[in-house]
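The values are calculated or read from the model by the stated rules, or taken from the named source; none is laboratory data. Keep in mind the model is a prediction, meaning the values are calculated, not measured. Backbone-built Cβ (ideal geometry, glycine too); neighbour counts: all protein chains shown. For the accessible areas, the whole protein counts, side chains as well, though only heavy atoms, and no ligand, DNA or RNA atoms are used. Shrake-Rupley method; radii C 1.70, N 1.55, O 1.52, S 1.80 Å.
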Amino acid sequence: MDAGLLLVQSRDSRIDSSIHMLFVFMDLAVVWINSDQIVVDRLLARSWKPAYFPASPARYILEVHPARLDEFHIGDHIDFIND
């Protein structure tokens, strides 16, 4: 439940940072983060839904267990630490 997937795009974009949930068999908490490392959107992505787009352009897409969704809020600053 502590692990997640961080997807990185080349630039901030609503289109490039969209996701789909087709053939995904579980719900995911999705957090969109811009180049300034600010959370710009978050939601619970339901399995088998065609597509989700962030409300604002994002460069990073963090996919984590649904129970972790409430840990992230729009406007939060996220620090990426490479261990």
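Given springs between every Cα pair under 10 Å in a Gaussian network model of the chain, which of 43, 62, 22 has the largest fluctuation? Ranking 43, 62, 22 by mean-square fluctuation puts 22 first. Based on protein heavy atoms only, the range 41-83 ends up with 64 Å² per residue of surface accessible to a 1.4 Å probe.
In whole percent, and with a 1.4 Å probe on the protein chains, what portion of the accessible area of the chain is carbon and sulfur? Ligands and nucleic acids excluded, carbon and sulfur give 54 percent. The range 1-37 and the range 45-71 have Cα centres spaced 5 Å apart. Surface calculation, 1.4 Å probe, protein heavy atoms: residue 46 sits at approximately 110 Å² accessible. Once both labels are positioned 7 Å from their Cα atoms along Cα-to-Cβ, the gap between residue 14 and residue 82 label points is 3.2 nm. For residue 13, the residues whose modelled amide H falls within less than 5 Å of its own, excluding neighbours fewer than 5 places apart on the same chain, are 58, 59. With a Förster radius of 30 Å applied to the C-beta separation of residue 74 and residue 3, the computed FRET efficiency comes to 0.80. Equivalent ellipsoid of the chain: semi-axes from √(5λ) of the C-alpha gyration tensor, largest first, are 18, 15, 11 Å.
Placing pseudo-labels 7 Å out from each Cα toward the beta carbon at residue 63 and residue 47 gives an inter-label distance of 1.3 nm.
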